[in-house]
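Any read-out appearing in this document is the output of simple, stated calculations on the displayed coordinates, not a laboratory observation. Just so it is clear, the structure is predicted and the values come from calculations on it, not from any experiment. Positions of Cβ are backbone-derived with ideal geometry, glycine not excepted, and every protein chain shown enters the neighbour counts.
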């Protein structure tokens, strides 16, 4: 059960002591929250509604006119043979970047939480790629992965391996994109976990250790549950940003080869701007929006049941 | 710092806001397309150009093809000196697609330029969207001398008896070979005349060197472009008007030939990433690349580079053209359109097309420019350029199925990648592409014609 | 719908400084001393992690000094023949990097500052003010997190263009200004604040405005720092929107300007492109490295004041 929170309760002394006339408190609220809400209404919700309307149109972007075609765009997307691939790519990319990112980020955080010399510097370095532009990151890795002229190919060759055909083989292109995405974003996950880890009371760990718990049992039974809220927070935020990632794919593969790196988000961009089928693109965007909605809702239900803090 | 944003809203936006809050469907009225109205291309309005005074200032959206910003600025300077009309040169994107994105997003807003880059895969969509003006009457009024344009290059922009753009930065694919490799293999110093000759030569290269004879490029806007050569050379085509012809024996023949040289003869390989870079580094003996890459290839390779026509197929030579033209947006005032037309004429006259060409590597678009002083100086300095220009005479207008249908090029690229990279069945890959392109045509093109 | 799953802020409190290196935190409990193997293993792993992060950047830096024929060569050439700055000169001559930099700076500073302010005021309103529909308002704000950027771009472009805001700072900044993520984090944090402080302030007759800035903000420094980091990073690196809404090179931001160095229809000059990438990434890295010390002290002093 939620415990009482300040401000939400009638008996809250701060509010109670200075009862305002209703219009005054409305005005105050409007001044504080109004600008943000107004911006959201104008630049997020209104366009969202417009986009829902576009999804019912056969509309080429750039054209001043459009035809109402009902749900045809949705029917077309769901029956298009290419859709299965896009969904597969999206699911793999999202799952690996979110779950892999959290596992990797937590491991890094645990490593950097140890009392070793140079951890401060290491922490900074690990987070550094997160602040870089996705376009710049994509461009620089484009050159690292180049099978003929890149550093990775040269390293692999020096140990007797050939470079995978990153740019021709869909089975390798997707892992490549995932690696670059993780490289850029894992530092953020590590940073948040690190902050949470430092808040774990050391005496708890010590107590567990005194009880004879090994480091692994210790971690599983004591530390991990304490990280529950952080894990939930990260799972929501990294999922949202992973599903919406665009820059790296645009800079590195443009969705190819053989659409092996075309995620739903990239397809939305491609159909809307490259192909110019704005109505179709809006329909995919709407599907993605509802997927996000459902996944987030499930996440919250699941986590709410599972994690007690 | 947190002053109410409502202070900055005008009445219309407040109304929109109110509409949203009220959940009203009236929102459809703001922005976006008009639903249910007849769409389609702009029609040649009966503007009496003689009675129009040109505007004093126009805006031109370009991506400066071939890093040509300085060249474009110089031509603008000359034009302003001559006509008194100011031209604002705007970098509207890094490539044709970005310019097109912006131009289409800007449609119907106040932010439309007076002159815009219209690449071979984009102008048609501008047209069916009603975004650009048919140019024939304006060109006639301004005495463009359209007869002098290279007929393929100008003909690329023709649809329903009107021309919708004028050629500007145009290129063709070109055959590049490594002279050192050729010498080592004992081959004559020229490109193979036919693919059959290439098949005779390739074993000699493979016998004398470790490298792959031919490097092939991939990716959208590229594979399906150079493949025109093999396809047309075999007597096939992507489409005839709007009907896809990928199921013809000739088309399948061409795809099978591609698989033969890649998988059986191993005389060709799809590049790991960039066929031009591979060639420049000496990893392949020859390659097919754009004429626009000529200066880059000459600068980056450590060996002598030879150029030649694309090899002929069983049914003769075949070469597509590409690159970009320039179009005039439809919903500008006649004054602006006239001024844009005047600049367009100046920009593509014999002197300036040669000037542009000599500094970028794109083709001169006028026949009379080919043998002018400027180009002769270029040929003397870079004889390889001569081949590119000569090949222009044998070029052919693109198939509609690739360049006019949204997704056309993308679907064909996917099919070709299946064929080249995964040894996919040509018949199956082409059938998938044909179905998809036909559907896209029915949905996205047909209603607008 | 509500994201109010827990009452605990998921973000660092003041004693959870992420960057401190032992000496700064003070509060770190002594771990049982461990000697030998685990330590070496730890150092090795750390070295591996650092190398994975740094080496690609080194490769980029080296490439930025290479000429075309040094880049397109097999086997690869590791170190450039000379460290002459010709690629940098080339990159700076090709596009107005100075303008890109200033534009990125302005949009980031103004955008992030306003965004954090909006987040703070909204969260304050939702937590501490009296209003019948505040749960709904909070839901409305947080729900926006689920709306993918690409959905809203076309309608927003039309709006900004109708307002004549193409190529303007307001056009660049406004559509992404609203704070959803920040509001969410701030609210979660505010809910954990001791009511007594605000009670005392209210008794002193401080207005809500004063209470927010004089009492709430100082004790929320770590959360604000976390939100600031995310806001600054996303503003600085935003790509698709600036790409559409700016068509004058003079008004472009760094990520958009960088792509102008890619050549179409020709051979990409990797040296110049990598020089441009260095010009974009290195200033951010320097600021980040400097700032991480600053953030640490800032957070510590904030904690003391609170």
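Which residue, A:241, A:63, A:133, has the most motion in a Gaussian network model of chain A that connects Cα atoms within less than 10 Å?
Judging by the Gaussian network model, the answer is A:63.
Let me know the whole percent of all Cα-Cα pairs from chain B that are separated by more than 28 Å.
Distances greater than 28 Å cover 55 percent of the Cα pairs.
What is the helix-to-structure angle for B:426-440, meaning the angle in degrees between its Cα long axis and the longest Cα principal axis of chain B, kept from 0 to 90 and rounded to the nearest 10?
Helix B:426-440 and the main axis of chain B meet at about 10 degrees.
Alpha carbons only, please: Rg and Dmax for the range C:96-260, in angstrom.
Radius of gyration, then largest Cα-Cα span, for the range C:96-260: 18.2, 59 Å.
Using the Kirkwood formula over every pair of different C-alpha atoms, what hydrodynamic radius in Å results for the range C:55-108?
12.8 Å
Given points 7 Å out from each Cα along the Cα-Cβ axis, report the residue B:136 to residue A:290 separation in nanometres with one decimal.
According to this spin-label approximation, the distance is 4.8 nm.
So what is the calculated 222 nm ellipticity per residue for the protein assembly as shown, using -39500 (n - 2.57) for each DSSP H run with n of 4 or more, over all residues, to the nearest 500 deg cm²/dmol?
-16500 deg cm²/dmol
Going by how many other beta carbons lie within 10 Å of each one, how would you line up B:312, B:210, A:271, C:199, fewest first?
With the fewest neighbours first, B:312, B:210, A:271, C:199 line up as B:210, C:199, B:312, A:271.
Quick check: Cα centre of the range B:145-190 to Cα centre of the range B:372-407, how many Å?
2 Å
When the C-alpha atoms of the range A:72-129 are aligned to their principal axes, what extent does each axis show, in angstrom, from largest down?
Result for the range A:72-129: principal-axis Cα extents of 61, 18, 13 Å.
In peptide C:204-210, what is the residue-averaged number of other protein chain Cβ atoms found within 10 Å of each Cβ?
2
If contacts are Cα pairs under 8 angstrom and at least 6 residues apart, what is the relative contact order of chain B in percent?
Normalised by residue count, the contact order of chain B is 23 percent.
In degrees, nearest 10, range 0 to 90: what is the angle between the Cα axis of helix B:195-208 and the longest Cα principal axis of chain B?
So the helix axis and the longest Cα principal axis differ by about 60 degrees.
Counting other beta carbons within 10 Å of each Cβ, put C:189, B:163, B:141 in order, fewest first.
Lowest to highest Cβ neighbour count: B:141, B:163, C:189.
Under Stokes-Einstein, with the Kirkwood radius over Cα pairs standing in for Rh, what whole-number D in µm²/s applies to the range A:81-306 at 25 °C and 0.890 mPa s?
Rounded, D is 126 µm²/s.
Looking only at A:161, A:226, A:191, which one moves most when chain A is put into a Gaussian network model with springs between Cα atoms under 10 Å?
A:161
Between the alpha-carbon centers of the range C:213-239 and the range A:155-197, tell me the distance in whole angstrom.
Value for the Cα centre distance between the two parts: 29 Å.
Report the rotationally averaged projected area of the range C:151-224 based on its alpha-carbon convex hull, in square nanometres.
7.1 nm²
Restricting the calculation to Cα positions, tell me the Rg (one decimal) and the Dmax (whole number) of the range A:44-152 in Å.
For the range A:44-152, the Cα radius of gyration and maximum Cα-Cα distance read 22.2, 66 Å.
When a footprinting reagent is the concern and you count Cβ atoms within 10 Å, what order do A:300, C:46, B:127, A:121 take, fewest first?
Fewest-to-most Cβ neighbours within 10 Å comes out as A:121, A:300, C:46, B:127.
Rounded to the nearest 0.05, what FRET efficiency do residue A:216 and residue B:194 give with R0 = 60 Å and r taken as the Cβ-Cβ distance? Could you check?
Working from the Cβ atoms, E equals 0.30.
Pop out the Kirkwood hydrodynamic radius of the protein assembly as shown from its pairwise C-alpha distances, inverse of mean 1/r, in Å to one decimal.
31.1 Å
Taking the Cα atoms only, what angle lies between the long axis of helix B:69-83 and the longest principal axis of chain B, rounded to 10 degrees?
Compared with the principal axis, the helix lies near 50 degrees.
For the range B:379-439, just run the numbers: alpha carbon Rg, then divide by 2.2 N^0.38 Å, N being how many residues it has.
Working it through for the range B:379-439, the quotient is 1.59.
Only Cα pairs within less than 10 Å get springs; with that Gaussian network setup on chain B, which residue of B:256, B:376, B:273 has the largest fluctuation?
B:273
Can you tell me the alpha carbon radius of gyration of the range B:295-449 divided by the globular rule-of-thumb value 2.2 N^0.38 Å?
Rounded to two decimals, the normalised Rg is 1.35.
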